[in-house]
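A short write-up of the structure that comes next.
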Amino acid sequence: MTVTITHQSTYIIVGAHSVGRVHCVNLVHRLYPTIDPTLDPDYALYLKNRCPSPNPDPNAVLYSRNDRETPMVVDNMYYKNIMAHKGLLVIDDELASDPRTAPFVAKMAADNGYFHEQFSRGVRLLSETNPLTDPDYALYLKNRCPSPNPDPNAVLYSRNDRETPMVVDNMYYKNIMAHKGLLVIDDELASDPRTAPFVAKMAADNGYFHEQFSRGVRLLSETNPLTGAHSVGRVHCVNLVHRLYPTIDPTLDPDYALYLKNRCPSPNPDPNAVLYSRNDRETPMVVDNMYYKNIMAHKGLLVIDDELASDPRTAPFVAKMAADNGYFHEQFSRGVRLLSETNPLT
C-alpha cells in the first residue's frame with residue numbers, strides 16, 4: 001500500500017512548531033535591514049531583542065521559541081500565533097494568509113481538541129511513509145520486503161534492531177545515527193538539531209539510556225491515571241460539535257449523543273456563549289472513577305476518551321479503574337504527585 005502525505009497532512013504536521021525554537025541565523029533576514037511588514041510590530045521588536053545583530057554568531061545559542069505562551073506544550077498556540085502575525089518563519093505567515101490554507105489555520109486555532117485529533121493523525125501517517133536509509137540497509141530491507149504490495153496476511157517484517165533484537169538497550173539510537181531507522185520519524189529524530197544531541201548522548205552511553213528509559217516508562221505508567229481528572233469539569237460545545245454534526249460519531253452511545261445535541265443544538269456554536277456539557281453527569285463535582293465508567297459506556301466527550309477505552313493497550317487499565325474506585329484514587333494520587341515533581345510552567 002502506498003501512503004500519501006497530502007497537503008492537509010503537511011499543514012497539520014507543522015503544528016509541531018508549537019514547541020521548539022528557531023535560531024537567529026534563520027530569523028534575521030526578517031528583521032534586518034528592515035522589519036518584515038507581515039510581522040506584528042511589537043513581536044518584531046521582541047525578536048530584535050532576542051536577535052540583536054543582523055550577523056549572529058552561528059556557534060552561539062541565540063534563538064527565539066516558536067511559542068512564548070505554552071513553549072513546552074503541544075497545543076494549537078502555533079496556529080493562534082500565526083493568525084496574529086507572530087510566526088517566526090516566512091512559511092508561517094504564508095500558511096495563515098494564503099486563501100487555500102487560511103480556513104484550515106482558523107479552524108485549528110479555534111479548537112484545541114480538533115488540533116490534537118488532526119495532529120495525531122498526521123504524525124501517524126508520517127510514521128507510515130518510507131524512510132530514507134543507509135543504502136546497504138535499504139537493500140537488506142528490500143530483501144525482507146521483496147514486494148511493493150505485500151500479502152497483508154503474510155508475516156513479512158523487519159526487526160527494529162538486528163544486533164540485539166531481544167534486548168532493551170541503546171542500539172536503537174546507534175542505528176538511527178547510522179541511518180538505519182525503519183521509520184521517517186527515526187531519521188528525523190537523529191537529524192533534527194533539536195533532538196540530535198539527545199540521540200547522540202543516548203547512543204554513546206547505554207547506562208544513561210537505561211536511566212532515562214526507566215524514568216520514561218515510570219512517567220508513562222503513572223501519568224495515565226491523570227486522565228481521570230476528566231471526572232470533573234466540562235467541555236465547551238465548540239470542542240464537541242464535530243462529533244455531532246453533520247452526523248453523529250458512531251462510537252458515541254446513541255442516547256448520550258442525543259443528550260449532547262440538546263446541550264449543543266447548533267453545529268456552529270457561538271464561541272463567546274457558555275455552551276457546554278459536563279464531563280460526568282452522575283457525580284459532576286466529585287473526583288472519582290465515573291470518568292472510566294462513562295468511557296466504557298461510550299459516553300466520553302472527546303475522541304481521546306473513546307480511544308482510551310477501545311485501544312487494546314489501555315482498555316484493561318480503563319476497566320480496572322472503572323471497577324475499583326479505591327484503586328482509582330490510589331493511582332490518581334500517584335499520578336498527581338509524579339506530575340508535581342516535574343518542572344511546571346507557572
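Could you list, in sequence order, the residues of the range 32-55 that are in a helix (DSSP H, G or I) and not hydrophobic (A, V, I, L, M, F, W, C)?
P41, D42, Y43, Y46, K48, N49, R50
Listed conditions (1) more than 26 Å from A109 (Cα to Cα); (2) surrounded by 12 or more Cβ atoms within 10 Å (Cβ to Cβ); (3) charged (D, E, K, R) are all met by D57, apart from (2).
Residue by residue, here is whether (1) open to solvent by less than 50 Å² (accessible area, probe 1.4 Å); (2) without any contact (Cβ under 8 Å) to a residue 60 or more places away in the chain; (3) aromatic (F, W, Y) holds:
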site	(1), (2), (3)
R281	no, yes, no
M296	no, yes, no
E307	no, yes, no
A315	yes, yes, no
A322	yes, yes, no
F332	yes, no, yes
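What about N66, is it modelled with pLDDT under 90, farther than 24 Å from F104 by Cβ and either open to solvent by less than 90 Å² (accessible area, probe 1.4 Å) or touching a His at 6+ places or on another chain (Cβ under 7 Å) (or both)? Spelling it out, it is not the case that N66 is modelled with pLDDT under 90, farther than 24 Å from F104 by Cβ and either open to solvent by less than 90 Å² (accessible area, probe 1.4 Å) or touching a His at 6+ places or on another chain (Cβ under 7 Å) (or both). Among the conditions (1) of a type outside the set (D, E); (2) surrounded by 15 or more Cβ atoms within 10 Å (Cβ to Cβ); (3) modelled with pLDDT of 90 or more, L226 misses just one, which is (3).
Restricted to the range 168-210, and to residues that are charged (D, E, K, R), surrounded by 15 or more Cβ atoms within 10 Å (Cβ to Cβ) and touching a residue at least 40 places away in the same chain (Cβ under 8 Å), which residue is nearest to Y137 (Cα to Cα)? Among residues in the range 168-210 that are charged (D, E, K, R), surrounded by 15 or more Cβ atoms within 10 Å (Cβ to Cβ) and touching a residue at least 40 places away in the same chain (Cβ under 8 Å), the one nearest to Y137 (Cα to Cα) is K180.
Meeting the requirement of 1 or more residues that are within 23 Å of D111 (Cβ to Cβ), the helices (runs of 4 or more DSSP H) wholly within the range 230-341 are 254-263, 290-296, 303-310. Evaluation of H29 against the conditions (1) assigned to a loop (DSSP other than H, G, I, E, B); (2) closer than 20 Å to E94 by Cβ; (3) open to solvent by 70 Å² or more (accessible area, probe 1.4 Å) shows that the sole unmet condition is (1). Per the listing Y11, Y43, Y32, Y114, the residue uniquely under 16 Å from the mean Cα position of the chain (by Cα) and modelled with pLDDT of 85 or more is Y114.
The values are calculated or read from the model by the stated rules, or taken from the named source; none is laboratory data. What you see is a predicted model, and the numbers here were worked out from it, not measured in a lab. Positions of Cβ are backbone-derived with ideal geometry, glycine not excepted, and every protein chain shown enters the neighbour counts. Heavy atoms of the whole protein, side chains included, go into the accessibility calculation; ligands, DNA and RNA do not. Shrake-Rupley method; radii C 1.70, N 1.55, O 1.52, S 1.80 Å.
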